[in-house]
Amino acid sequence: MKEYPLIVTPPPHIKTSDGISEAMRDVIIALIPTLLLAVYFFGVNALFVTFVCILSTTLTEFFIRAVLHRPFSLTDGSAVVTGLLLALSLPPTTPWWLAALGGIMAIAIAKELFGGLGKNIFNPALFARTFLFVFTVYHPLVEEYIKPLWWKSYAFTQLLTARFFENGVIITDLVSGKRIDGITAATPLAISRAGSPVFSTLSGYGSLLLGNIGGVLGGSSLALLIGAAYLIYRKHIDLYIPGSILITTAIFSIAFGKDPLFQILAGGLILGAFFMATDWVTSPVTSRGKIIYGIGIGIFTFFVRNYGTRVEGMCTAILHMNVIALFIDRFTQPRRFGG
(Lines give C-alpha, C1' and ligand atoms only; values in the text may rest on other atoms or scores of the structure.)
Protein backbone atom coordinates (compact mmCIF):
# COMPACT_ATOMS: atom_id res chain seq x y z
CA MET A 1 0.00 0.00 0.00
CA LYS A 2 1.39 3.35 -1.05
CA GLU A 3 1.88 5.86 1.76
CA TYR A 4 1.18 9.52 1.12
CA PRO A 5 3.01 12.21 3.11
CA LEU A 6 0.93 14.18 5.61
CA ILE A 7 1.03 17.84 4.61
CA VAL A 8 -0.31 20.42 7.06
CA THR A 9 -1.23 23.75 5.44
CA PRO A 10 -3.46 26.69 6.40
CA PRO A 11 -6.92 26.93 4.77
CA PRO A 12 -8.45 27.16 2.24
CA HIS A 13 -8.00 23.47 1.38
CA ILE A 14 -10.49 23.40 -1.48
CA LYS A 15 -9.33 25.59 -4.33
CA THR A 16 -10.49 26.46 -7.82
CA SER A 17 -8.63 27.53 -10.91
CA ASP A 18 -10.93 30.57 -11.26
CA GLY A 19 -9.54 33.85 -9.99
CA ILE A 20 -11.04 37.27 -9.29
CA SER A 21 -11.02 38.29 -12.94
CA GLU A 22 -12.92 35.15 -13.99
CA ALA A 23 -15.52 35.73 -11.24
CA MET A 24 -15.95 39.38 -12.19
CA ARG A 25 -16.26 38.42 -15.84
CA ASP A 26 -19.11 36.06 -14.95
CA VAL A 27 -20.88 38.79 -12.94
CA ILE A 28 -20.67 41.10 -15.96
CA ILE A 29 -22.06 38.35 -18.20
CA ALA A 30 -24.88 37.76 -15.71
CA LEU A 31 -25.85 41.44 -15.76
CA ILE A 32 -25.85 41.86 -19.55
CA PRO A 33 -29.53 40.75 -20.01
CA THR A 34 -30.60 43.32 -17.43
CA LEU A 35 -28.59 46.05 -19.11
CA LEU A 36 -30.00 45.19 -22.55
CA LEU A 37 -33.57 45.39 -21.25
CA ALA A 38 -32.77 48.70 -19.54
CA VAL A 39 -31.55 50.11 -22.86
CA TYR A 40 -34.67 48.80 -24.60
CA PHE A 41 -37.07 50.32 -22.08
CA PHE A 42 -35.28 53.60 -21.34
CA GLY A 43 -33.32 54.24 -24.50
CA VAL A 44 -29.88 55.74 -24.78
CA ASN A 45 -30.14 57.25 -21.30
CA ALA A 46 -29.53 53.81 -19.80
CA LEU A 47 -26.41 53.29 -21.89
CA PHE A 48 -25.08 56.74 -21.10
CA VAL A 49 -25.54 56.44 -17.31
CA THR A 50 -23.89 53.00 -17.39
CA PHE A 51 -20.96 54.29 -19.45
CA VAL A 52 -20.37 57.22 -17.09
CA CYS A 53 -20.52 55.01 -13.99
CA ILE A 54 -18.04 52.47 -15.37
CA LEU A 55 -15.71 55.16 -16.72
CA SER A 56 -15.67 56.99 -13.38
CA THR A 57 -15.01 53.86 -11.30
CA THR A 58 -12.18 52.64 -13.52
CA LEU A 59 -10.51 56.06 -13.83
CA THR A 60 -10.80 56.65 -10.09
CA GLU A 61 -9.22 53.31 -9.30
CA PHE A 62 -6.41 53.96 -11.77
CA PHE A 63 -5.75 57.44 -10.39
CA ILE A 64 -5.81 56.51 -6.69
CA ARG A 65 -3.58 53.48 -7.15
CA ALA A 66 -1.12 55.58 -9.14
CA VAL A 67 -1.02 58.25 -6.42
CA LEU A 68 -0.68 55.73 -3.58
CA HIS A 69 1.84 53.61 -5.53
CA ARG A 70 -0.34 50.55 -5.26
CA PRO A 71 -0.32 47.80 -7.90
CA PHE A 72 -2.82 48.45 -10.66
CA SER A 73 -5.84 46.17 -10.49
CA LEU A 74 -8.04 47.26 -13.38
CA THR A 75 -7.59 43.92 -15.12
CA ASP A 76 -9.45 42.10 -12.35
CA GLY A 77 -12.67 43.75 -13.51
CA SER A 78 -13.90 44.69 -10.02
CA ALA A 79 -14.10 48.41 -10.85
CA VAL A 80 -16.19 47.62 -13.93
CA VAL A 81 -18.55 45.47 -11.86
CA THR A 82 -18.88 48.25 -9.27
CA GLY A 83 -19.71 50.79 -11.98
CA LEU A 84 -22.21 48.44 -13.61
CA LEU A 85 -23.99 47.66 -10.33
CA LEU A 86 -24.08 51.35 -9.44
CA ALA A 87 -25.63 52.21 -12.79
CA LEU A 88 -28.30 49.52 -12.43
CA SER A 89 -29.27 50.97 -9.05
CA LEU A 90 -29.82 54.45 -10.52
CA PRO A 91 -32.76 55.96 -12.44
CA PRO A 92 -32.22 56.48 -16.19
CA THR A 93 -32.60 60.21 -15.57
CA THR A 94 -29.51 60.46 -13.38
CA PRO A 95 -27.38 63.46 -14.44
CA TRP A 96 -23.97 62.46 -15.76
CA TRP A 97 -22.12 64.42 -13.10
CA LEU A 98 -24.02 62.66 -10.30
CA ALA A 99 -23.35 59.27 -11.89
CA ALA A 100 -19.65 60.19 -12.09
CA LEU A 101 -19.66 61.42 -8.49
CA GLY A 102 -21.19 58.12 -7.40
CA GLY A 103 -18.48 56.18 -9.19
CA ILE A 104 -15.75 58.26 -7.58
CA MET A 105 -17.20 57.80 -4.09
CA ALA A 106 -17.64 54.06 -4.61
CA ILE A 107 -13.97 53.52 -5.39
CA ALA A 108 -12.25 56.32 -3.44
CA ILE A 109 -14.16 55.99 -0.16
CA ALA A 110 -15.83 52.59 0.00
CA LYS A 111 -13.02 50.61 -1.62
CA GLU A 112 -9.55 52.17 -1.73
CA LEU A 113 -9.82 53.99 1.60
CA PHE A 114 -10.06 50.58 3.27
CA GLY A 115 -7.12 49.19 1.31
CA GLY A 116 -8.75 47.95 -1.88
CA LEU A 117 -10.63 44.88 -3.01
CA GLY A 118 -11.16 42.33 -0.25
CA LYS A 119 -10.68 44.85 2.58
CA ASN A 120 -13.74 47.03 2.17
CA ILE A 121 -16.48 46.89 4.81
CA PHE A 122 -19.34 48.20 2.67
CA ASN A 123 -20.47 47.20 -0.77
CA PRO A 124 -18.99 50.05 -2.88
CA ALA A 125 -21.91 50.37 -5.29
CA LEU A 126 -24.45 50.52 -2.48
CA PHE A 127 -22.32 52.96 -0.53
CA ALA A 128 -22.25 55.27 -3.56
CA ARG A 129 -26.00 54.89 -4.08
CA THR A 130 -26.62 55.87 -0.46
CA PHE A 131 -24.23 58.78 -0.79
CA LEU A 132 -26.22 60.04 -3.77
CA PHE A 133 -29.39 59.87 -1.68
CA VAL A 134 -27.99 62.86 0.18
CA PHE A 135 -28.19 64.83 -3.03
CA THR A 136 -31.89 64.14 -3.36
CA VAL A 137 -32.31 66.91 -0.80
CA TYR A 138 -30.62 69.37 -3.13
CA HIS A 139 -31.14 67.68 -6.47
CA PRO A 140 -34.44 65.80 -6.77
CA LEU A 141 -33.53 64.44 -10.20
CA VAL A 142 -31.80 61.53 -8.51
CA GLU A 143 -35.26 60.34 -7.54
CA GLU A 144 -37.02 61.31 -10.77
CA TYR A 145 -38.08 58.42 -12.96
CA ILE A 146 -39.38 58.18 -16.51
CA LYS A 147 -41.87 55.92 -18.23
CA PRO A 148 -40.49 52.86 -20.00
CA LEU A 149 -40.66 52.91 -23.79
CA TRP A 150 -41.23 56.68 -23.76
CA TRP A 151 -39.07 56.95 -26.86
CA LYS A 152 -41.73 55.16 -28.98
CA SER A 153 -43.86 58.29 -28.81
CA TYR A 154 -41.29 60.35 -30.67
CA ALA A 155 -39.91 60.21 -34.15
CA PHE A 156 -36.23 59.53 -34.59
CA THR A 157 -35.63 63.07 -35.81
CA GLN A 158 -37.31 64.41 -32.69
CA LEU A 159 -35.00 62.35 -30.55
CA LEU A 160 -32.02 63.74 -32.43
CA THR A 161 -33.11 67.28 -31.67
CA ALA A 162 -33.85 66.62 -28.03
CA ARG A 163 -31.44 67.85 -25.44
CA PHE A 164 -30.85 64.42 -24.02
CA PHE A 165 -29.01 65.02 -20.81
CA GLU A 166 -29.83 68.49 -19.70
CA ASN A 167 -30.41 68.12 -16.00
CA GLY A 168 -30.26 64.41 -16.55
CA VAL A 169 -33.61 64.13 -18.29
CA ILE A 170 -34.79 64.40 -21.84
CA ILE A 171 -36.89 67.45 -21.30
CA THR A 172 -36.27 70.04 -23.95
CA ASP A 173 -36.52 70.16 -27.71
CA LEU A 174 -33.50 72.00 -29.08
CA VAL A 175 -35.45 73.57 -31.92
CA SER A 176 -38.63 74.68 -30.21
CA GLY A 177 -37.22 74.98 -26.72
CA LYS A 178 -40.39 73.38 -25.35
CA ARG A 179 -40.46 70.81 -22.61
CA ILE A 180 -41.42 67.29 -23.65
CA ASP A 181 -44.15 66.39 -21.20
CA GLY A 182 -45.50 63.11 -20.01
CA ILE A 183 -42.33 61.09 -19.56
CA THR A 184 -42.04 61.07 -15.79
CA ALA A 185 -43.54 58.17 -13.86
CA ALA A 186 -43.84 56.89 -10.30
CA THR A 187 -42.21 53.63 -9.26
CA PRO A 188 -44.39 50.59 -8.43
CA LEU A 189 -43.52 50.92 -4.74
CA ALA A 190 -44.57 54.57 -4.75
CA ILE A 191 -47.82 53.64 -6.50
CA SER A 192 -48.42 50.91 -3.94
CA ARG A 193 -47.79 53.36 -1.11
CA ALA A 194 -50.51 55.54 -2.64
CA GLY A 195 -52.94 52.63 -2.35
CA SER A 196 -53.30 51.74 -6.04
CA PRO A 197 -53.87 48.01 -6.78
CA VAL A 198 -52.66 48.40 -10.36
CA PHE A 199 -49.71 46.03 -9.90
CA SER A 200 -51.71 43.29 -8.14
CA THR A 201 -52.82 41.83 -11.47
CA LEU A 202 -51.33 39.30 -13.84
CA SER A 203 -50.31 42.00 -16.31
CA GLY A 204 -48.87 44.01 -13.43
CA TYR A 205 -46.73 41.08 -12.34
CA GLY A 206 -45.64 40.64 -15.96
CA SER A 207 -44.54 44.26 -16.14
CA LEU A 208 -42.58 43.85 -12.90
CA LEU A 209 -40.90 40.73 -14.24
CA LEU A 210 -39.83 42.38 -17.48
CA GLY A 211 -38.97 45.75 -15.98
CA ASN A 212 -41.61 47.54 -18.05
CA ILE A 213 -42.09 50.03 -15.22
CA GLY A 214 -40.79 53.34 -13.99
CA GLY A 215 -37.80 52.74 -11.78
CA VAL A 216 -34.08 52.09 -11.74
CA LEU A 217 -32.19 50.58 -14.65
CA GLY A 218 -31.93 47.20 -12.94
CA GLY A 219 -35.68 46.77 -12.64
CA SER A 220 -36.18 43.61 -14.68
CA SER A 221 -36.63 40.79 -12.20
CA LEU A 222 -36.71 38.19 -14.97
CA ALA A 223 -33.38 39.27 -16.47
CA LEU A 224 -31.82 39.46 -13.01
CA LEU A 225 -33.03 35.96 -12.13
CA ILE A 226 -31.56 34.59 -15.37
CA GLY A 227 -28.26 36.22 -14.48
CA ALA A 228 -28.47 34.90 -10.92
CA ALA A 229 -29.08 31.37 -12.23
CA TYR A 230 -25.88 31.69 -14.26
CA LEU A 231 -23.89 32.76 -11.18
CA ILE A 232 -25.34 29.86 -9.18
CA TYR A 233 -24.46 27.47 -12.01
CA ARG A 234 -20.92 28.86 -11.99
CA LYS A 235 -20.88 28.39 -8.19
CA HIS A 236 -20.07 32.05 -7.50
CA ILE A 237 -23.09 32.44 -5.24
CA ASP A 238 -25.49 30.12 -3.43
CA LEU A 239 -29.07 30.46 -2.31
CA TYR A 240 -28.52 30.94 1.44
CA ILE A 241 -28.58 34.76 1.39
CA PRO A 242 -31.04 35.49 -1.47
CA GLY A 243 -33.30 32.63 -0.39
CA SER A 244 -33.42 33.95 3.19
CA ILE A 245 -34.23 37.45 1.94
CA LEU A 246 -37.03 36.28 -0.36
CA ILE A 247 -38.61 33.91 2.17
CA THR A 248 -38.42 36.50 4.96
CA THR A 249 -40.01 39.12 2.72
CA ALA A 250 -42.80 36.73 1.74
CA ILE A 251 -43.51 35.72 5.36
CA PHE A 252 -43.63 39.30 6.64
CA SER A 253 -45.74 40.39 3.67
CA ILE A 254 -48.35 37.73 4.41
CA ALA A 255 -48.24 38.47 8.15
CA PHE A 256 -48.83 42.20 7.57
CA GLY A 257 -51.40 41.82 4.82
CA LYS A 258 -49.17 42.82 1.90
CA ASP A 259 -48.87 41.16 -1.50
CA PRO A 260 -45.76 38.92 -1.16
CA LEU A 261 -45.19 38.54 -4.92
CA PHE A 262 -45.35 42.29 -5.43
CA GLN A 263 -42.98 42.91 -2.52
CA ILE A 264 -40.44 40.50 -4.04
CA LEU A 265 -40.66 41.67 -7.65
CA ALA A 266 -40.94 45.42 -7.04
CA GLY A 267 -38.08 47.78 -6.35
CA GLY A 268 -34.52 46.59 -6.03
CA LEU A 269 -35.11 43.45 -4.00
CA ILE A 270 -34.04 40.94 -6.66
CA LEU A 271 -31.02 43.04 -7.68
CA GLY A 272 -29.96 43.48 -4.07
CA ALA A 273 -30.65 39.90 -2.98
CA PHE A 274 -28.70 38.13 -5.73
CA PHE A 275 -26.04 40.64 -6.81
CA MET A 276 -25.27 42.91 -3.84
CA ALA A 277 -26.11 41.08 -0.61
CA THR A 278 -24.05 38.14 -1.90
CA ASP A 279 -20.92 40.27 -2.27
CA TRP A 280 -18.11 37.91 -1.28
CA VAL A 281 -16.24 40.52 0.75
CA THR A 282 -19.00 42.14 2.78
CA SER A 283 -21.23 39.15 3.58
CA PRO A 284 -20.77 36.24 6.03
CA VAL A 285 -19.11 33.02 4.89
CA THR A 286 -20.75 30.47 7.20
CA SER A 287 -24.03 28.89 6.15
CA ARG A 288 -25.83 29.84 9.36
CA GLY A 289 -24.36 33.32 9.13
CA LYS A 290 -25.64 33.76 5.59
CA ILE A 291 -29.16 32.78 6.65
CA ILE A 292 -29.13 35.21 9.61
CA TYR A 293 -27.71 37.91 7.35
CA GLY A 294 -30.41 37.35 4.73
CA ILE A 295 -33.20 37.32 7.32
CA GLY A 296 -31.92 40.62 8.73
CA ILE A 297 -31.92 42.22 5.29
CA GLY A 298 -35.41 40.92 4.56
CA ILE A 299 -36.88 42.26 7.81
CA PHE A 300 -35.10 45.61 7.51
CA THR A 301 -36.17 46.08 3.90
CA PHE A 302 -39.79 45.17 4.54
CA PHE A 303 -40.28 47.66 7.37
CA VAL A 304 -38.36 50.49 5.70
CA ARG A 305 -40.23 50.28 2.40
CA ASN A 306 -43.66 49.80 4.00
CA TYR A 307 -43.48 51.89 7.16
CA GLY A 308 -40.40 54.09 6.78
CA THR A 309 -39.96 57.48 5.20
CA ARG A 310 -38.59 56.00 1.95
CA VAL A 311 -40.32 53.61 -0.39
CA GLU A 312 -37.20 51.50 -1.02
CA GLY A 313 -35.13 50.00 1.80
CA MET A 314 -32.95 47.36 0.17
CA CYS A 315 -29.88 49.55 -0.16
CA THR A 316 -30.00 50.74 3.45
CA ALA A 317 -30.71 47.25 4.76
CA ILE A 318 -27.69 45.66 3.08
CA LEU A 319 -25.33 48.42 4.25
CA HIS A 320 -26.50 48.03 7.85
CA MET A 321 -26.04 44.28 7.70
CA ASN A 322 -22.59 44.79 6.11
CA VAL A 323 -21.55 46.38 9.41
CA ILE A 324 -22.42 43.32 11.49
CA ALA A 325 -21.45 40.64 8.96
CA LEU A 326 -18.11 40.11 10.69
CA PHE A 327 -19.81 39.59 14.06
CA ILE A 328 -22.33 37.21 12.53
CA ASP A 329 -19.45 35.16 11.17
CA ARG A 330 -17.70 35.14 14.54
CA PHE A 331 -20.71 33.75 16.39
CA THR A 332 -21.72 31.23 13.75
CA GLN A 333 -18.40 29.47 13.33
CA PRO A 334 -18.91 25.69 13.32
CA ARG A 335 -17.51 23.92 16.39
CA ARG A 336 -14.43 21.85 15.86
CA PHE A 337 -14.95 18.10 16.04
CA GLY A 338 -14.55 17.17 19.73
CA GLY A 339 -14.43 20.85 20.73
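Condition first: surrounded by 18 or more Cβ atoms within 10 Å (Cβ to Cβ), more than 13 Å from residue 112 (Cα to Cα) and among the polar types (S, T, N, Q). Now tell me which residues in the range 69-90 satisfy that.
Across the range 69-90, the qualifying residue is only 89.
Find the helices (runs of 4 or more DSSP H) located wholly in the range 255-332 whose residues include 1 or more that are at pLDDT below 90, surrounded by fewer than 21 Cβ atoms within 10 Å (Cβ to Cβ) and within 18 Å of the chain's Cα centre (by Cα), and list them. It would help to see each step written out before you state the result.
Details: elements: 260-265, 287-307, 314-331.
Once the helices (runs of 4 or more DSSP H) in the range 255-332 are filtered for at least 1 residues that are at pLDDT below 90, surrounded by fewer than 21 Cβ atoms within 10 Å (Cβ to Cβ) and within 18 Å of the chain's Cα centre (by Cα), what remains is 287-307, 314-331.
List the residue pairs whose Cβ atoms are under 7 Å apart, where the first residue sits in the range 210-234 and is under 21 Å from residue 99 (Cβ atoms) and aliphatic (A, V, I, L, M), the second is outside any loop (DSSP other than H, G, I, E, B) and open to solvent by 60 Å² or more (accessible area, probe 1.4 Å), and the two are 6 or more positions apart or on different chains.
Listed pairs, sorted by first residue: none to list.
Just wondering, is there one or more residues in the range 12-35 that are open to solvent by 70 Å² or more (accessible area, probe 1.4 Å), closer than 12 Å to residue 88 by Cβ and either among the aliphatic types (A, V, I, L, M) or at pLDDT 90 or above (or both)?
There is at least one residue in the range 12-35 that is open to solvent by 70 Å² or more (accessible area, probe 1.4 Å), closer than 12 Å to residue 88 by Cβ and either among the aliphatic types (A, V, I, L, M) or at pLDDT 90 or above (or both).
Please determine whether any residue of the range 216-234 is open to solvent by 30 Å² or more (accessible area, probe 1.4 Å), part of a loop (DSSP other than H, G, I, E, B), over 19 Å from residue 41 (Cα atoms) and among the hydrophobic types (A, V, I, L, M, F, W, C).
no
Hey, residue 252 hits all of (1) more than 23 Å from residue 145 (Cα to Cα); (2) free of Cβ contacts under 8 Å to residues at least 12 places away in the same chain but one; which does it fall short on?
(2)
State whether one or more residues within the range 259-266 are farther than 18 Å from residue 299 by Cβ and of a type in the set (D, E, K, R). Even if it seems obvious, please write down each step before you answer.
At the first step, the residues of the range 259-266 found to be farther than 18 Å from residue 299 by Cβ are 261, 265.
This time we only want the ones that are of a type in the set (D, E, K, R), so: none.
No, that holds for no residue.
Is there a residue being in a helix (DSSP H, G or I), under 22 Å from residue 191 (Cβ atoms) and within 15 Å of the chain's Cα centre (by Cα) anywhere in the range 235-251? Before the answer, list the steps.
First, pick out the residues of the range 235-251 that are in a helix (DSSP H, G or I): 240-251.
Pick out the ones that are also under 22 Å from residue 191 (Cβ atoms) and you get 246, 249-250.
Subsequent filtering for residues that are within 15 Å of the chain's Cα centre (by Cα) retains none.
Within the range 235-251, not a single residue is in a helix (DSSP H, G or I), under 22 Å from residue 191 (Cβ atoms) and within 15 Å of the chain's Cα centre (by Cα).
The values are calculated or read from the model by the stated rules, or taken from the named source; none is laboratory data. From a predicted model like this one, the values you see are computed outputs, not experimental measurements. FYI the Cβ positions are ideal-geometry reconstructions off the backbone, even for glycines, and counts take in every protein chain you see. Areas reflect the complete protein model, heavy atoms only, side chains present, ligands, DNA and RNA absent. Shrake-Rupley method; radii C 1.70, N 1.55, O 1.52, S 1.80 Å.
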